[in-house]
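The values are calculated or read from the model by the stated rules, or taken from the named source; none is laboratory data. Not measured: the values here are computed from a predicted model. A quick note on method: Cβ atoms are made from the backbone with ideal geometry, for glycine too, and the neighbour counts reach across all protein chains shown. Ligands, DNA and RNA are excluded from the accessible area calculation, which covers all protein heavy atoms including side chains. Shrake-Rupley method; radii C 1.70, N 1.55, O 1.52, S 1.80 Å.
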Amino acid sequence: MITTIREESEIDEGKIIDQIRSIGIDMIDEAGSGHPGIVLGAAPIIYSLYAHHMRIDPEDPKFFNRDRFVMSAGHGSALLYATLFMSGYDLSIDDLKDFRKLDSKTPGHPEYKMTPGVDATTGPLGQGIGMAVGMAIAEANLEARFNTNSKQIIDFNTYALCGDGDLMEGISYEACSLAGNLKLNKLIVLYDSNDVCLDGNTNLTFNEDIESRFKAMGWNYIRVEDGTDYNLISLAIEEAKKSINKPTLIEIKTTIGKYSKLEGTNAVHGKPLSKDDITEIKSKMDIRDIPFTISKTAMEDMQYYIGERCKNIKSKFEKAVSGLDEELQKEIEYLISDDKRIELKELIYDAPEDNIEAPRDTSCKILNSIVKNSNNILGGSADLFGACKNYIKDGGDFSSEDYLGKNIFFGVREHAMGAILNGISLCGYRTYGSTFLSFSDYMRPSIRLAAMMDLPVTYIFTHDSISVGEDGATHQPVEQLTSLRAMPNIEVFRPADANEVIGAYKVVVEKSSGPSVISLSKTNLPILDATKVSEVSRGGYVVFDSGRKPAGILISTGEEVHLAIEIAKRLQIKGIDVRVVSMPSISRFQEQSSEYIDEVLPVEVRKIVIEAGSSLSWNRIVFNKKYLITLDQFGTSGKRLDVYKKYGFDVDTLEEKVEDLLK
């Protein structure tokens, strides 16, 4: 424990902690909303971490080799902002006063890229722990790539502050189970254990033995009985940092709302304190009862601790990187950069001799070609490598024995996989993960956060229609594509064949940022002459046309494109000219020029959508529901063609429907 004495006087660490508390409750009072309980109860935890352990550069919050901190208990944002302000990050008193106000740097829950020093967007409980596991995975991979016996380039710890609510969420145990299995010793979770949640005492719902549970998952467990003793907290963190083969959970017993009239109760969790209560609290802390009173001495003292401990860490890192060979320097430059585009200099794809291939099999070939040529891409599968076909051959398996492995086995943990992918991406990587499209629902909170943070995560979702067949309704996605398409800042691609799969990957990896979904069929499909790799970037284009003015236009995606083309050919024999448009990405198509959209989909021509999924994706393109041949009910178990026929997606039924609509 550091006991530095300044030239002028001994540093009063308790005073710094109380200053953090005071700022936090002032922010909440000014905003008229917030969570004072964690501010008052957990201030000694976050102070001990930032003042005596976090390797950071407040003047350069994005310094690459810094320690990471995730406020998994995101409702404690006021506590985090007050700490960042005291630590010297680019936050002003006005920013603190703007807490929870429109367009401020201090939003209600921490937001990545919004506030200097915030390493992840949090708020949905448990997500932060999952992202912290991802950051620790990234660190382990970085160490294995760049460090040698004689030179240490990468060395950072990942810390997360969580509460009882985080540990109640199932995602936290999924993520922590994997972290223990992978022996991520650079991961330290600080558990603000106050036995109170929003609705009351945690014993109403949560009474398991945390120590036994975490030890069973392969973690170290340390308990700090007095959460007001910053010395004990700091010693516990120091002990955790010495771990060589296990992550560590430090359970710190605290009192929610310390010093408040409501301390120890759920009443202090999530609403502002009364004016009288604030006055009494400040009196106990010997702080003037004037909002946003800041002790310059306390602020300087905290920054003194940080500055002394962290001096030269940035210059040492830059010097170490400059000593690497040119190729390794470029890899680190990519990780540091916000631009995550990958130039596809070489894309190896061997089409099968019979020109028939399931899109998931094409995806396997393309993904292997991309990942083998870049060390800055990491990903894996939720126990579905064999079905989703995203295993990287000769890439090695990521494990505690080999942190260089390119294949992460997430196990049956879709929730955790989504959050972990975000955490890895927050350390500069492109990431990808796979499961069945119907199970993307498990990942939705994490996908939503990836979209908010603009992270370059690619979701490879297979078994993407009722053509899954025998597995039945539980495995046959109906509403998932619509749900994903409705989410802001994420692109969804549903390619029709190998050409469009290649085009989708090309678009995705050449984007500078942002998440993407590639939805793939398991059905063997012909590789069409009419589909084009280059046209996928437009979102939609013509794949069948007579050259004459069409009587109607069929718009389709994925394997249904093949059905639409067959129908168009049949109708042409009957003298009815029909155009077919493949639309692998609705959002991309709608971003094209009005001239291009009108060229592909002339206003005066009737348009019919054929997609074996929810109709709700298409109301911006086709306004009359009778022209939507879609599926707004769950599927059923049976042979693929039998299921298609039951729901009217066999070619004969579709031909009849389309012909009737065009009469």
Glu346 being in a helix (DSSP H, G or I), of a type outside the set (Gly, Ala, Ser) and under 31 Å from the mean Cα position of the chain (by Cα): no
Scan of region 284-304 for residues that are without any contact (Cβ under 8 Å) to a residue 24 or more places away in the chain, farther than 19 Å from Ile46 by Cβ and either assigned to a loop (DSSP other than H, G, I, E, B) or acidic (Asp, Glu) (or both), ordered by number: Arg288, Asp289, Ile290
Hits in region 12-55 - residues which are farther than 19 Å from Gly270 by Cα, assigned to a helix (DSSP H, G or I), of a type outside the set (Phe, Trp, Tyr) and touching a Phe, Trp or Tyr at 6+ places or on another chain (Cβ under 7 Å): Glu13, Ile16, Ile17, Pro44, Ser48, Leu49, Ala51, His52
Any chance Ser315 is free of Cβ contacts under 8 Å to residues at least 40 places away in the same chain and either open to solvent by 40 Å² or more (accessible area, probe 1.4 Å) or more than 27 Å from Asn65 (Cα to Cα) (or both): yes
Any hit, region 366-376, residues being farther than 25 Å from Lys393 by Cα, within 25 Å of the chain's Cα centre (by Cα), surrounded by fewer than 18 Cβ atoms within 10 Å (Cβ to Cβ) and among the small types (Gly, Ala, Ser): no
Pro477, sole failed condition from (1) open to solvent by less than 40 Å² (accessible area, probe 1.4 Å); (2) of a type outside the set (A, V, I, L, M, F, W, C); (3) not in a loop (DSSP other than H, G, I, E, B): (3)
Residues of region 616-641 classified as touching a residue at least 60 places away in the same chain (Cβ under 8 Å), surrounded by fewer than 19 Cβ atoms within 10 Å (Cβ to Cβ) and in a helix (DSSP H, G or I), total: 2
Count - residues of region 364-401 that are part of a helix (DSSP H, G or I) and more than 27 Å from Lys330 (Cβ to Cβ): 5
Exclusive hit being in a strand (DSSP E or B) and either of a type in the set (Asp, Glu) or surrounded by fewer than 21 Cβ atoms within 10 Å (Cβ to Cβ) (or both), set Glu251, Glu263, Glu208: Glu251
Selected residue (only one of Asp383, Asp402 is within 26 Å of the chain's Cα centre (by Cα), under 30 Å from Ser172 (Cα atoms), modelled with pLDDT of 95 or more and open to solvent by 80 Å² or more (accessible area, probe 1.4 Å)): Asp383
Residues (crowded, with 18+ Cβ neighbours inside 10 Å and either over 24 Å from Ile17 (Cβ atoms) or of a type in the set (A, V, I, L, M) (or both)) located in region 82-97: Ala82, Leu84, Met86, Leu91, Leu96
Any chance Asn489 is open to solvent by 10 Å² or more (accessible area, probe 1.4 Å), over 22 Å from Cys388 (Cβ atoms) and not aromatic (Phe, Trp, Tyr): yes
Residues of region 405-420 classified as closer than 20 Å to Ala160 by Cβ, outside any helix (DSSP H, G or I) and open to solvent by less than 40 Å² (accessible area, probe 1.4 Å), total: 2
Residues of region 574-603 satisfying the condition of being under 35 Å from the mean Cα position of the chain (by Cα), surrounded by fewer than 18 Cβ atoms within 10 Å (Cβ to Cβ), not small (Gly, Ala, Ser) and not in a helix (DSSP H, G or I): Glu591, Gln592
Which listed residue is touching a residue at least 24 places away in the same chain (Cβ under 8 Å) and either under 23 Å from Cys197 (Cα atoms) or among the charged types (D, E, K, R) (or both), from Lys97, Lys105: Lys97
Exclusive hit being touching a Leu at 6+ places or on another chain (Cβ under 9 Å) and either buried (at least 23 other Cβ atoms within 10 Å of the Cβ) or part of a loop (DSSP other than H, G, I, E, B) (or both), set Ala530, Ala496: Ala496
Residues located in region 468-482, provided they are farther than 23 Å from Gly503 by Cα and in contact with a Lys or Arg (Cβ under 8 Å, 6 or more places away or on another chain): Val468, Gly469, Glu470
Residue list for region 499-527, filter: open to solvent by 10 Å² or more (accessible area, probe 1.4 Å) and outside any helix (DSSP H, G or I): Glu510, Lys511, Ser512, Ser513, Lys522, Thr523, Asn524, Leu525, Pro526, Ile527
Residue in region 331-340 that is in contact with a Phe, Trp or Tyr (Cβ under 6 Å, 6 or more places away or on another chain) and surrounded by fewer than 19 Cβ atoms within 10 Å (Cβ to Cβ) present: yes
Some residue of region 433-448 being touching a Pro at 6+ places or on another chain (Cβ under 6 Å), among the aliphatic types (A, V, I, L, M) and either part of a helix (DSSP H, G or I) or under 28 Å from Lys406 (Cβ atoms) (or both): yes
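Tell me, please, whether a residue that is among the polar types (S, T, N, Q), closer than 23 Å to Arg66 by Cα, in contact (Cβ under 8 Å) with a residue 40 or more places away in the chain and touching a strand residue (DSSP E or B) at 6+ places or on another chain (Cβ under 7 Å) can be found in region 166-186.
Taking region 166-186 first, the residues among the polar types (S, T, N, Q) are 172, 177, 181, 185.
Right, trim to closer than 23 Å to Arg66 by Cα and you get 185.
Of the ones still in play, those that are also in contact (Cβ under 8 Å) with a residue 40 or more places away in the chain are 185.
Imposing the further condition that a residue be touching a strand residue (DSSP E or B) at 6+ places or on another chain (Cβ under 7 Å) reduces the set to none.
The answer is no; no qualifying residue exists.
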Residues of region 523-566 satisfying the condition of being among the charged types (D, E, K, R) and free of Cβ contacts under 8 Å to residues at least 60 places away in the same chain: Asp529, Lys532, Glu535, Arg538, Asp545, Arg548, Lys549
Total residues in region 548-573, condition more than 36 Å from the chain's Cα centre (by Cα), within 14 Å of Asp652 (Cα to Cα) and open to solvent by 10 Å² or more (accessible area, probe 1.4 Å): 4
Residue within region 148-159 that is part of a strand (DSSP E or B), open to solvent by less than 10 Å² (accessible area, probe 1.4 Å), modelled with pLDDT of 95 or more and not basic (Lys, Arg) present: yes
In region 219-235, the residues that are closer than 16 Å to Ala43 by Cβ and open to solvent by less than 40 Å² (accessible area, probe 1.4 Å): Val224, Gly227, Ile233, Ser234
Residue that is modelled with pLDDT under 95 and on the phi < 0 side of the Ramachandran plot, where the choices are Lys574, Lys569, Lys549: Lys549
Number of positions in region 98-117 that are surrounded by 24 or more Cβ atoms within 10 Å (Cβ to Cβ) and touching a Leu at 6+ places or on another chain (Cβ under 7 Å): 2
